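Following: one structure in structure tokens, then a few remarks.
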Amino acid sequence: MTFEPGARAAWHTHPLGQTLIVTAGVGRVQRWGGPIEEIRPGDVVWIPPGEKHWHGAAPTTAMAHIAVHEFQDGKAVDWMEKVTDEQYQGR
């Protein structure tokens with residue numbers, strides 16, 4: 001999956017967790033209540049089951065990653081509210 005600069009997913013969870021493998025660019029990931037983390041090619045990020053989070057590109061750089069997750073009872077993701085500009089900027 002590729003995110004253009006400034007693009008990001010909405011807040012979401014995965015019933016069995018998710019692994020992100022960054023393949024290009026610079027991105028961001030944030031877990032609910034935690035700081036924004038910068039991610040770069042070669043980084044592997046594990047999101048535990050049920051943890052609310054978002055991920056996307058940095059403000060001025062695209063980012064590509066491979067996202068690995070499994071289905072439980074036919075569901076792989078629970079989408080929630082959009083990430084606000086203030087949240088994306090870390091304010």
Criterion first (over 25 Å from Arg91 (Cα atoms) and open to solvent by less than 50 Å² (accessible area, probe 1.4 Å)) does Ala10 satisfy it?
no
Among strands (runs of 3 or more DSSP E) entirely within region 27-68, at least 2 residues that are more than 15 Å from Arg8 (Cα to Cα) and open to solvent by 50 Å² or more (accessible area, probe 1.4 Å) occur in 44-47
Give me a count of the residues in region 8-26 that are assigned to a loop (DSSP other than H, G, I, E, B) and among the hydrophobic types (A, V, I, L, M, F, W, C).
5
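The values are calculated or read from the model by the stated rules, or taken from the named source; none is laboratory data. Predicted model, so just to flag it, every value in this text is computed and none were measured. Note: areas computed on protein heavy atoms with side chains; ligands, DNA, RNA excluded. Shrake-Rupley method; radii C 1.70, N 1.55, O 1.52, S 1.80 Å.
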